[in-house]
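The values are calculated or read from the model by the stated rules, or taken from the named source; none is laboratory data. As the structure is a prediction and not an experimental result, all values here were calculated from the model. Cβ placement follows ideal geometry from the backbone for every residue including glycine, while neighbour counts extend to all protein chains displayed. Note: areas computed on protein heavy atoms with side chains; ligands, DNA, RNA excluded. Shrake-Rupley method; radii C 1.70, N 1.55, O 1.52, S 1.80 Å.
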Amino acid sequence: MWGCGVLLSSIFILILLKKRQLMSNYRLFYLIGLLIGLVIGSVNIFTQKYDNYCSIYIGILCCCYTYFDKNTYSKWTNAYISSLQGYVGGVGFILYGLFTT
């Protein structure tokens with residue numbers, strides 16, 4: 001399950017790379033994330049190990065995607081609180097990955 005999620009998130013990163021014209025340092029960040037996701041996801045699918053690394057990867061991806069989202073909201077509105085859910089989800093995945101070792 002985690003391996004498929006990581007592979008799908010890597011495909012999501014690839015779609016983001018094709019859609020957006022990013023600066024070179026962000027492009028490198030996305031490419032490194034893509035390669036790490038492909039390796040971790042493939043290893044997890046074939047060996048059924050390293051679920052915690054997959055969970056940490058998805059958590060980092062959630063936090064980074066929420067951070068790089070260009071929508072700015074005024075504080076204490078429903079849209080702002082909804083945008084914080086990406087951070088909460090990312091931290092939850094990271095903590096799950098850290099405590100399941």
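Leaving out ligands and nucleic acids, and using a 1.4 Å probe, what accessible area per residue does the chain come to in Å²? Accessible area per residue: 70 Å². Just how many % of Cα pairs in the chain lie over 18 Å apart, if you round to the nearest whole percent? Within the chain, distances greater than 18 Å cover 51 percent of Cα pairs.
Would you tally the net charge around W2, using a Cβ to Cβ cut-off of less than 15 Å, leaving W2 out, and scoring K and R as +1, D and E as -1? Walk me through the numbers on the way to the answer.
Details: positive: K49; negative: D51.
It works out to a net charge of 0.
Find me the longest stretch of the chain that has none of the exposed chymotrypsin sites (Phe, Trp or Tyr not before Pro), where exposed means in a DSSP loop (not H, G, I, E or B) with at most 14 other Cβ atoms within 10 Å. Before the final figure, lay out each step's value.
On the way: sites that count: Y73, W76.
Formally, the longest exposed-site-free interval is 1-72.
Residues within the reach of a label modelled at N52 (point 7 angstrom out along Cα to beta-carbon, backbone nitrogen below 11 Å), restricted to the range 73-101, are 96-101.
Subtracting the Cα-Cα distance of S42 and I11 from their residue separation scaled by 0.36 nm leaves 9.9 nm.
What net charge is computed for the residues neighbouring I11, neighbours being all others with C-beta under 13 Å from the C-beta of I11, Lys and Arg scored +1, Asp and Glu -1? Kindly include the intermediate steps, with their values, before the conclusion.
On the way: positive: K18, K19; negative: none.
For residues surrounding I11, the net value is +2.
Surface composition of the chain: carbon plus sulfur atoms contribute 69% of the solvent-accessible area (1.4 Å probe, protein chains only, all chains present). Only helices enter this figure: runs of n ≥ 4 DSSP H residues, each worth -39500 (n - 2.57), summed and divided by the residues of the chain, yield -28000 deg cm²/dmol at 222 nm to the nearest 500.
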